[in-house]
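Here's the structure, in structure tokens; my notes come after.
Where a number appears in this text, it was derived from the coordinates with a stated rule and is not lab data. Just so you know, these numbers come straight off a predicted model, no measurement behind them. Neighbour counts run over all protein chains shown; Cβ positions are idealised from the backbone, glycine included.
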Amino acid sequence: MRQNETADSVVLMGSNDRYSRTFDVLELLVSRPDGMTVTEISKRLDLPMSSSHNLLKRMVATDVAAVREDLRYSLGPRAIRLGIRIVDGLEVRAISRRHLGELARQTGYDVYLAVPFGRRVAYVDRFQGSRPVTVDIRLGQSLYLHATAVGKLFAANDRQLRRRLFAGDRQQLTKHTLVEDAELERELDRIAEQDFAVSREEAIIGVVGIAVPIRADHSTVVAAIHLSTLSNSIDAEAERALIESAAATAVLVERDLGRVHHADPLSGPETGDTGQ
């Protein structure tokens with residue numbers, strides 16, 4: 001009996017150790033959206049290479065981690081979905097749902113809520129509009145910082161994300177994608193000044209994205225509101241109206257988060273101007 005109890009204890013200790021190491025790996029991968037090699041993970045956790053490799057194989061097999069062609073490991077879809085469920089309990093998502101749903105109803109366009117996850121940005125909520133915008137954007141999917149309205153908005157307001165944008169290669173997704181350092185610098189500076197971002201067919205041909213920030217205070221961007229529209233159905237005046245509607249909605253969310261505003265929410269941000 002004692003031998004069985006001892007054997008059970010050993011198995012339990014091994015299982016607990018494995019679970020603990022899984023979370024250790026997840027913490028590393030969250031801070032490294034560009035991925036890590038098995039060698040890097042092994043060194044950081046002070047584990048034998050064989051143990052690290054076996055652990056990562058199990059994590060990949062259960063979609064907790066993903067491995068790319070260059071053999072770098074990153075968060076898997078299952079871990080990202082779990083992260084979204086955790087974010088679901090955060091105040092900003094719960095508070096914004098009523099306002100974002102109303103924005104989708106008023107404009108007829110799809111409305112998304114985006115938040116940063118360390119050095120990546122992803123959508124965590126979606127409200128479908130009545131207009132036909134055939135864009136399949138998955139919740140939890142990491143967004144391009146250089147080609148999407150939301151990605152550019154966060155990069156313009158977050159130094160860490162801005163450094164990440166300029167540190168890596170930037171894929172030419174469409175003929176309109178900004179990839180050169182100088183043009184991206186000008187774009188991010190303009191976004192920071194005007195307090196909204198627009199992606200005009202930079203990620204997907206035929207689609208225009210509009211993003212405005214949600215702030216917890218006068219500087220920290222904690223989330224962003226994104227609207228997807230079709231380029232052939234929107235002109236400059238309609239674009240301006242959508243930006244103002246999104247900015248007004250952001251003010252309402254911020255007020256519910258406890259931020260004090262001195263401007264009429266229907267006039268846009270605190271300055272009463274969206275910066276155009």
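Work out from phi, with θ = phi - 60° and the Karplus expression 6.51 cos²θ - 1.76 cosθ + 1.60, the ³J(HN,Hα) of each residue of the range 94-99, listed in order in whole Hz, and give x for Gly and Pro.
These are the phi-based 3J(HN,Hα) values: 4, 6, 7, 4, 4, 5 Hz.
Going by amide H atoms built from the backbone, whose H comes under 5 Å of the H on residue 215, apart from near neighbours?
222
Kindly write out, for the range 192-197 in residue order, the coupling ³J(HN,Hα) from the Karplus curve 6.51 cos²θ - 1.76 cosθ + 1.60 (θ = phi - 60°), rounded to whole Hz, with x marking Gly and Pro.
Each residue of the range 192-197 in turn: 4, 6, 8, 6, 7, 9 Hz.
Kindly put 57, 175 in sequence by how many other C-beta atoms sit within 10 Å of each C-beta, fewest to most.
175, 57
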